[in-house]
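Novice: Okay, handing you the structure first.
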Amino acid sequence: MSTVNYHFSIEDPNAHLFNIKIEYTPLTETVDELYLPNWIPGSYMIRDFAKHVLEIKAFDKHGSLTLHATDKSTFKLQHNNKPVTIEYKYYAFDLSVRKAYLDQQYGFINPASSCFAIKGHEHQVCNVILNKPTSSICKNWLPASGLSKGINTKAFSWGEYSIEGYLAFTDYPILFGELDIATFEINQIPHHVVTVGQHFGSLTRVAKDLTPLCQFHADMFGGLPTDVDQYLFLTMITDNGFGGLEHLNSTALVASRFDIINDDAAITDGYQTFLSLCSHEYLHTWNVKRLKPTEFIPYQLNKEVYTDQLWFYEGMTSYFDDFSLVATHTISSEAYLNALAKALTRLERGKGQLRQSVTESSFLTWTKFYQQDDTAPDQIVSYYVKGAVIACFADIAIRKQSNGEQSLKDLMQTAWVKFGVNNLGTTQQDLESLFSNFLSGEDYSTFLELLYSKEKVNLKETFKRVGLDLDYYDQEKPSQWFKPLSFIQTQSEEQPQSLTRETIKNTKSAPWLGAVLANVQGNIVVRQVLEGSPAQQAGIATGDTLIAFNNLKINSDAIEPLLKNAVKDSENVIHYFRKDLLYCSDITFGQNNKFVAGFTIENKDKLSKWLN
């Protein structure tokens with residue numbers, strides 16, 4: 001069978017330009033069609049990748065060939081039925097996991113965003129040639145990718161690689177730079193943590209901590225997929241970035257240089273978040289990359305593809321990303337419950353869950369979720385967050401129904417065996433039937449309500465099954481997202497009366513603003529305003545800069561003390577800029593909606609059975 005050859009060259013890091021050549025032999029007599037995807041699986045938004053293609057041309061050994069655009073991402077090529085070369089530059093300056101990036105520090109490229117397919121050749125083997133750069137900037141650079149190595153190509157080296165078919169090729173991102181690598185094994189399969197960019201920690205520590213997490217997921221599904229012979233965590237290090245995108249045998253990640261910690265350091269919030277991200281993307285190796293909605297078989301990358309099922313594929317994954325950390329004793333029960341409380345707070349804080357079901361959120365991800373604006377908390381519900389809450393409910397309910405003999409992990413393995421291994425895919429009805437087989441009749445009814453209702457989620461009784469009491473509290477400051485577990489323990493001999501749950505619940509909270517604030521170069525800028533909040537009623541809007549409260553200057557250190565020490569609920573005055581216009585408004589602090597979640601441990605034995 002003939003092949004399609006893709007040559008990648010780093011043309012100019014300073015100008016952020018890759019050079020890409022495609023070589024193939026036509027199957028048609030005179031005209032071929034070239035097309036570039038408009039979106040990348042796992043990121044549900046039309047991104048029009050072709051806008052980054054520059055100076056495209058086609059030629060054969062006799063000279064130039066006619067190439068003309070038929071739409072934003074498609075070209076028609078008139079050829080002489082001789083081997084053809086297509087060549088173009090690709091502008092790469094999007095430091096994310098979705099497109100491509102290239103500068104003096106490192107490079108990254110997704111074939112889905114940068115490599116044209118040749119219609120009629122999609123099933124041919126793709127040979128990928130990674131050319132060693134000539135620029136002195138890149139003299140110590142090496143590539144990293146999950147692509148299959150050629151006979152004469154060593155791991156992490158320039159040379160020839162290959163993959164069967166164009167769609168598979170789009171699932172193998174490539175990282176370039178001075179690689180920092182740590183390796184561990186899961187079921188005798190090598191796993192590599194690969195970073196580019198400066199960090200201040202130890203990848204040996206990362207590999208050590210990822211080992212039990214990856215083993216947890218592999219065990220859940222009965223082992224790694226049979227076609228996985230290596231796995232790579234391809235990580236771009238930057239100042240404060242965050243993001244991940246799943247692939248067939250790798251994940252592309254963006255992380256902060258301050259999140260990677262040293263061998264003997266205690267786990268920080270940033271490092272916990274990074275491990276959770278790695279856990280999330282690794283679980284996708286099964287859940288959505290192979291076990292997937294039938295609508296995604298095969299992917300149609302030229303247009304939106306709609307499904308109701310993202311609550312399962314992102315929600316179950318979002319539940320297990322943190323749960324795996326506590327189940328493997330990577331983090332404490334307290335850290336996990338605080339993270340879970342944070343998720344419940346995000347679900348509760350706005351009116352989104354009253355206006356959109358989680359299945360609607362899945363279906364409308366192309367617009368409502370991926371193009372959300374500052375009103376999102378009041379307009380949409382996240383299928384990540386509510387999906388994870390549904391997963392948590394199901395896990396606890398399955399354990400109760402089976403007297404502890406089964407859990408959500410058993411449901412996931414059943415889904416994998418029934419719909420994933422054989423690439424059948426799932427429908428919404430398949431998923432509902434699957435849950436019905438694991439849940440009691442009463443819990444299955446609750447499950448369906450969680451899927452389709454537009455009502456507040458109430459899992460208070462569910463958490464009592466595992467020894468927890470869930471309550472919601474006033475938001476004490478704009479940056480508060482959960483009530484720490486240590487603050488709301490029930491009274492004990494070692495704990496003073498002032499810290500009991502009832503005392504805290506009855507404590508008068510600070511005035512509630514109802515806005516999400518950010519420190520931007522020392523200025524307090526409004527990022528979101530909740531519907532019906534004191535901030536909205538005072539006329540404050542997203543983008544405004546708060547400058548004074550009751551005639552006292554607001555800065556990053558003063559905003560919370562100023563609000564906390566407001567002497568009255570009404571007749572307060574707030575000054576703020578909107579663009580270059582100064583506003584002055586009266587602000588009345590009303591009822592806080594008690595949306596900050598927090599847990600109290602009532603039965604440690606029950607809790608331990610769930611989390612272990």
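The values are calculated or read from the model by the stated rules, or taken from the named source; none is laboratory data. The structure presented is a predicted model; accordingly, all values stated were derived computationally and were not measured. Note that each Cβ is placed from the backbone with ideal geometry, even for glycine, and that neighbours are counted across all protein chains shown. To get the accessible areas, we keep the full protein, side chains included, count just its heavy atoms, and leave off ligands, DNA and RNA. Shrake-Rupley method; radii C 1.70, N 1.55, O 1.52, S 1.80 Å.
Novice: Only loop residues by DSSP count here, and only those with at most 12 other Cβ atoms within 10 Å; note down the trypsin sites (Lys or Arg not before Pro) in the stretch 515-612 that meet that. Working shown, then result.
Specialist: Values: sites: 527, 553, 564, 568, 578, 579, 594, 604, 606, 609; in loops: 568, 579, 594.
Within the stretch 515-612, the qualifying trypsin sites (Lys or Arg not before Pro) (loop, at most 12 other Cβ atoms within 10 Å) are 568, 579.
Novice: Near residue 606, which lysines are there with a Cα under 19 Å away, not counting those fewer than 8 places off in the same chain?
Specialist: In chain and number order, the partners are 400, 409, 460, 464.
Novice: As an exercise, identify the chymotrypsin sites (Phe, Trp or Tyr not before Pro) in the stretch 355-435 lying in DSSP coil whose Cβ has no more than 10 other Cβ atoms within 10 Å. Mind dumping the intermediate values first?
Specialist: Values: sites: 363, 366, 369, 370, 383, 384, 393, 416, 419, 435; in loops: 370.
Within the stretch 355-435, no chymotrypsin sites (Phe, Trp or Tyr not before Pro) qualify (loop, at most 10 other Cβ atoms within 10 Å).
Novice: Using only Cα atoms, tell me the angle between helix 269-283 and the longest principal axis of the chain; keep it within 0 to 90° and round to the nearest 10.
Specialist: Rounded to the nearest ten degrees, it is 50.
Novice: Taking a ≥ b ≥ c as the square roots of the Cα gyration tensor eigenvalues, with a/c under 1.5 meaning rounded and otherwise prolate when a/b beats b/c, else oblate, which class fits the stretch 515-587? Don't skip to the end; give the middle numbers.
Specialist: Details: a/c = 1.36, a/b = 1.11, b/c = 1.22.
It comes out rounded by the Cα gyration axes.
Novice: Looking at the chain, what % of the alpha carbon pairs are farther apart than 32 Å? List each step's numbers first, then the result.
Specialist: Values: 101091 of 186966 pairs.
Cα-Cα pairs in the chain separated by more than 32 Å: 54 percent.
Novice: Would you mind working out the magnitude of the charge dipole of the stretch 179-262 relative to its Cα centre, with +1 at each Lys and Arg C-beta and -1 at each Asp and Glu C-beta, to the nearest 20 Debye?
Specialist: Working: 3 positive and 9 negative charges, 47 e Å.
Computed about the Cα centre, the dipole is about 220 debye.
Novice: What do you reckon, how do 462, 183 stack up by accessible area (1.4 Å probe), largest on top? Provide the component values of the computation, followed by the final result.
Specialist: Numbers: 462 10, 183 80 Å².
If we order 462, 183 from most to least accessible, we get 183, 462.
Novice: Related question: Report the paramagnetic label zone for residue 187: residues of the stretch 421-437 whose backbone N is under 16 Å from a point 7 Å from Cα along the Cα-to-Cβ axis.
Specialist: Backbone N within reach: 421-423.
Novice: Grab the other residues whose beta carbon is less than 11 angstrom from that of residue 596, score K and R as +1, D and E as -1, and report the net. Each step should come with its number before you reach the end.
Specialist: Values: positive: 342, 346, 349, 477, 483, 594; negative: 348, 471, 474, 476.
Net local charge, residue 596 excluded: +2.
Novice: Place a point 7 Å from the Cα of residue 577 along the Cα-to-Cβ direction; which residues of the stretch 518-534 have their backbone N under 16 Å from it?
Specialist: Within reach of a label on residue 577, which here means backbone N under 16 Å from a point 7 Å along Cα→Cβ, the stretch 518-534 contributes 518-527.
Novice: Another question about this same structure. Hey, any idea what % of the chain's accessible area is carbon plus sulfur with a 1.4 Å probe?
Specialist: Working: 12270 of 26040 Å².
After summing per-atom areas, the C and S share lands at 47 percent.
Novice: Give the aspartates and glutamates reachable from residue 57 as a straight Cα distance under 17 Å; neighbours fewer than 8 places away on the same chain don't count.
Specialist: 11, 23, 32, 33, 71, 87
Novice: With charges set only on the Cβ (+1 for Lys and Arg, -1 for Asp and Glu), what does the dipole of the stretch 294-466 come to about its Cα centre, in debye to the nearest 20?
Specialist: Details: 17 positive and 22 negative charges, 62 e Å.
So the magnitude is around 300 debye.
Novice: While we're on this one: Work out from phi, with θ = phi - 60° and the Karplus expression 6.51 cos²θ - 1.76 cosθ + 1.60, the ³J(HN,Hα) of each residue of the stretch 402-415, listed in order in whole Hz, and give x for Gly and Pro.
Specialist: Each residue of the stretch 402-415 in turn: 9, 6, x, 7, 9, 8, 4, 4, 5, 5, 5, 5, 4, 4 Hz.
Novice: Along the stretch 49-60, what does the Karplus equation 6.51 cos²θ - 1.76 cosθ + 1.60 (θ = phi - 60°) give for ³J(HN,Hα), rounded to whole Hz, x for Gly and Pro?
Specialist: Here the 3J(HN,Hα) series is 4, 5, 5, 8, 7, 10, 6, 6, 8, 9, 7, 10 Hz.
Novice: So what does log10 I(q)/I(0) come out to for the stretch 333-382 at q = 0.21 Å⁻¹, using the Debye formula with one equal point on every Cα and no solvent?
Specialist: -0.71
Novice: Ok, one more. Any chance you could check the Cα centroid distance between the stretch 1-61 and the stretch 551-612 for me, in angstrom?
Specialist: 51 Å
Novice: Can you give me the long-range amide H partners of residue 471? Hydrogens built in the peptide plane at 1.01 Å from N, cutoff under 5 Å, separation of 5 or more residues or another chain.
Specialist: 598, 600
Novice: Considering the dipole of the stretch 40-127 built from charges on the beta carbon (Lys and Arg +1, Asp and Glu -1) around the Cα centre, which of 63, 44, 88 is farthest to its positive end?
Specialist: 63
Novice: If the limit is 19 Å between Cα atoms, which of 99/303; 368/483; 303/368; 149/292; 292/609 go over it? It would help to have the intermediate numbers written out before the result.
Specialist: On the way: 99/303 17 Å; 368/483 29 Å; 303/368 17 Å; 149/292 27 Å; 292/609 31 Å.
Over 19 Å Cα-Cα: 368/483; 149/292; 292/609.
Novice: Let me ask something additional. How large is ³J(HN,Hα) for each residue in the stretch 142-153, as worked out from phi by the Karplus curve 6.51 cos²θ - 1.76 cosθ + 1.60 (θ = phi - 60°), to whole Hz, x for Gly and Pro?
Specialist: For the stretch 142-153, the Karplus curve yields 9, x, 9, 7, x, 4, 6, 6, x, 4, 9, 9 Hz.
Novice: Still on this model: What does the helix-only formula give at 222 nm for the chain: each DSSP H stretch with n ≥ 4 adding -39500 (n - 2.57), the total divided by the residues, and the result rounded to the nearest 500 deg cm²/dmol? Mind dumping the intermediate values first?
Specialist: Working: 18 runs with 160 residues, N = 612.
It lands at -7500 deg cm²/dmol.
Novice: List the residues whose amide H sits under 5 Å from the amide H of residue 524, counting only those 5 or more places along or on another chain, with H placed 1.01 Å from N in the peptide plane.
Specialist: Answer set, sorted by chain and number: 546.
Novice: If you don't mind, another one. Given Cβ point charges of +1 (Lys, Arg) and -1 (Asp, Glu) and nothing else, what value in debye, to the nearest 20, does the dipole of the chain about its Cα centre take? Mind dumping the intermediate values first?
Specialist: Details: 54 positive and 70 negative charges, 91 e Å.
I would put it at about 440 debye.
Novice: Which loop GluC sites (Glu not before Pro) in the stretch 46-155, with loop taken from DSSP, have no more than 16 other Cβ atoms within 10 angstrom of their Cβ?
Specialist: Numbers: sites: 55, 87, 122; in loops: 122.
Hits after loop and neighbour filter: 122.
Novice: Can you pick out the pairs among 61/154; 454/568; 342/477 whose Cα atoms lie more than 25 Å from each other?
Specialist: Details: 61/154 32 Å; 454/568 36 Å; 342/477 14 Å.
Beyond 25 Å: 61/154; 454/568.
Novice: May I pose another question? Could you state the accessible area per residue of the chain in Å², with a 1.4 Å probe and every protein chain left in place? Write out the running numbers ahead of the final one.
Specialist: Numbers: 26040 Å² over 612 residues.
Using a 1.4 Å probe on heavy atoms only, each residue of the chain averages 43 Å².
Novice: If the chain between residue 27 and residue 154 were fully stretched, how many nm would it gain, using 0.36 nm times the residue separation less the Cα-Cα distance?
Specialist: Working: separation 127, 0.36 × 127 = 45.72 nm, distance 3.30 nm.
That pair, residue 27 and residue 154, stretches by 42.4 nm at full extension.
Novice: Work from the charge dipole of the chain (Cβ charges, +1 for Lys and Arg, -1 for Asp and Glu, about the Cα centre) and give the residue of 520, 300, 110 farthest towards its positive end.
Specialist: 520
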